[in-house]
Amino acid sequence: MDAGMVIIGAGECGGRAALALREHGYDGPISLIGEEAHLPYERPPLSKEAIVGADVPVAKTILTAERVADAGIEFIGSSRAVAIDRAAKNVRLADGRALAYDKLLLATGAVPRRLSLAVAGPRVAYLRTFDDALAIRARLTPGSRVVIVGGGFIGLELAASARKRGAAVTVLEAQPRILMRGVPADIAATVHALHADNGVEIACGEGIAAIRDDGDVRIRLANERVIEADLVVIGIGAAPVTALAESAGLAIDNGIAVDGRLRTSDAHIFAAGDCCSFPLAIYGGRRVRLEAWRNAQEQGALAARNMLGAELEHTAVPWFWSDQYEFSLQIAGLAEGASSAVRRDLGGGAFILFHLAADGQLLSASGIGPGNAVARDIRLAEMLIARQARPDPSELTSSDVKLKKLLAA
Amino acid sequence: MTDWIEACGAGDIDEEDVIRFDHGGRTFAIYRSPDDEYFATDGLCTHEKVHLADGLVMDEIIECPKHNGRFNYKTGAAKGAPVCLNLRTYPVKLEAGKVYLQIG
């Protein structure tokens with residue numbers, strides 16, 4: 001008989017997967033196991049609306065309690081899966097309970113990379129969960145001094161939000177510039193200038209020698225400068241959560257390794273979202289791992305359909321966005337392997353950089369501008385990337401040529 | 001009876017495109033379909049209150065510029081995650097080269 005579907009991880013990916021199983025006609029038991037007490041909620045607002053909103057935030061749930069009840073999904077919150085018995089096809093929880101599965105989805109996500117120099121505490125924080133956001137928000141008051149370690153997206157979004165709350169903000173980045181990973185230098189420079197205009201100090205190429213917390217936090221840099229802070233937030237990247245998969249003997253390769261249909265090295269176990277690495281056909285099958293909201297959502301839904309036997313390939317183009325102040329950045333595709341870049345100016349300070357391979361294939365489009373100025377062209381670029389199109393670079397640069405026309409070509 | 005409000009000229013919207021129209025403290029999106037018909041909906045996405053007029057029109061679908069929530073702009077129907085609430089639609093008429101909305 002059907003033992004049911006078990007999903008480990010109740011974030012964007014796990015939550016969407018549970019819903020998708022029902023939407024595609026599955027009527028057997030579904031268990032959704034989450035380490036947090038909260039029902040699945042959206043994480044993107046945690047560095048933005050949850051920090052700047054006038055009212056104490058509420059989690060933006062993907063699945064309300066009513067919807068969980070209506071859909072007959074068993075949500076097991078504040079709970080941790082500790083072992084997978086692949087032969088018996090069951091999952092053991094920390095409380096000793098065992099859940100049998102017909103198909104299992106690992107949507108275990110990622111956790112912030114830890115800075116070995118610092119011990120986390122009330123004044124040294126990381127941001128991943130809703131509760132983390134509440135704790136950070138409580139310490140961000142007008143005039144409070146905040147140091148953000150890491151000039152990546154989490155750190156920079158948080159810097160913008162902290163400025164809106166009237167805090168004094170310093171961002172420390174060990175690399176020579178912010179957003180080194182995956183963002184073109186011209187776009188990073190625009191973001192840097194935006195923060196400078198809003199009164200954020202960004203110090204790049206700054207190594208940290210020590211962090212001490214004795215009431216006030218004191219950060220000593222490699223160059224002997226000492227910065228005092230009321231709050232330090234560390235945002236130096238995230239690591240996939242793979243321990244459970246690893247101890248079950250599943251293949252790991254920069255995350256839980258899955259095939260194009262999101263199946264792990266065990267045909268009954270799937271993985272999706274931040275925790276997995278997968279081959280991307282549009283880039284010749286190169287294995288990638290993404291930490292992105294839309295990927296988590298799409299892969300959760302796709303894994304659910306494949307758990308029901310659909311045999312669908314994941315073909316979506318990676319897509320990412322970030323909001324800082326009144327600007328929004330969007331990136332479709334991955335620029336790795338590009339041999340040239342061309343720029344399209346859209347007016348009002350908005351622009352897009354297109355990265356092309358040596359053979360002319362459009363690999364990625366990265367744009368920034370006020371509001372959603374770049375959104376439409378990035379979406380069209382995404383469709384061109386999906387088709388592995390080789391658009392004429394001179395048409396990409398000319399804002400008189402509509403990208404929609406290139407798509408029709 | 002509700003009045004018809006003059007919103008824009010018929011030629012102000014390209015085929016298979018959308019523009020924003022603000023009136024009386026509210027915001028709307030007006031569409032011109034590939035077969036040259038005009039439609040109108042509320043202007044903000046039901047997911048996170050983003051102006052749909054910055055989004056992309058493909059056939060009878062408008063896609064939110066932010067999170068790719070998709071709606072059929074002719075019926076207002078939400079087409080799946082992350083949007084689950086439908087968009088409200090409004091009657092549109094074309095008269096003497098002008099687009100009119102009945103926004104009630």
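The values are calculated or read from the model by the stated rules, or taken from the named source; none is laboratory data. Quick caveat, the model's predicted, so the values are computed rather than measured. No Cβ is skipped: glycine too gets one built from the backbone with ideal geometry, and neighbour counts run over all protein chains shown. Keep in mind that these areas ignore ligands, DNA and RNA; they rest on the heavy atoms of the full protein, side chains included. Shrake-Rupley method; radii C 1.70, N 1.55, O 1.52, S 1.80 Å.
Observations on the model:
- Averaged over peptide A:78-88, the number of partner chain Cβ atoms lying within 10 Å of each residue's Cβ comes to 0.
- Carbon/sulfur fraction of accessible area - the stretch A:326-408, other protein chains in place, 1.4 Å, %: 51 percent
- Per residue of peptide B:43-56, the mean number of Cβ atoms on other chains within 10 Å of the residue Cβ is 3.
- Lacking any other cysteine beta-carbon closer than 4.7 Å, the following Cys residues of chain B have no compatible partner: B:Cys8, B:Cys84.
- Residues A:Val56, A:Val226 ordered from highest to lowest accessible area at a 1.4 Å probe: A:Val56, A:Val226.
- With protein chains left intact and a 1.4 Å probe, residues in the protein assembly as shown average 42 Å² of accessible area per residue.
- Solvent-accessible surface (1.4 angstrom probe) belonging to B:Lys98, in square angstrom, nearest 10: 80 Å²
- Element breakdown for the stretch A:114-234 at a 1.4 angstrom probe: carbon and sulfur atoms account for 50% of the accessible area.
- Unsatisfied cross-links (Cα-Cα over 28 Å) in the set A:Lys103/B:Lys74; A:Lys164/B:Lys79; A:Lys48/A:Lys402; A:Lys402/B:Lys79: A:Lys103/B:Lys74; A:Lys164/B:Lys79; A:Lys48/A:Lys402
- Per-residue 3J(HN,Hα) values for the stretch A:351-365, derived from phi via the Karplus relation 6.51 cos²θ - 1.76 cosθ + 1.60 with θ = phi - 60°, read 8, 10, 10, 9, 9, 10, 7, 4, 7, x, 5, 6, 9, 7, 9 Hz in sequence order (x marks Gly and Pro).
- In this structure B:His23 has an accessible area near 70 Å², from a 1.4 Å probe over the protein heavy atoms.
- Dividing the summed helix terms, -39500 (n - 2.57) for each DSSP H run of n ≥ 4, by the number of residues in chain A produces a 222 nm estimate of -7000 deg cm²/dmol to the nearest 500.
- Across the accessible surface of the stretch A:19-88, with the other protein chains kept in place and a 1.4 Å probe, carbon and sulfur atoms take up 51 percent.
- Chain B against chain A buries an accessible area of about 1700 Å², both chains summed, 1.4 Å probe radius.
- Taking all protein chains as they are arranged and a probe of 1.4 Å, the heavy atoms of A:Asp95 leave approximately 100 Å² accessible to solvent.
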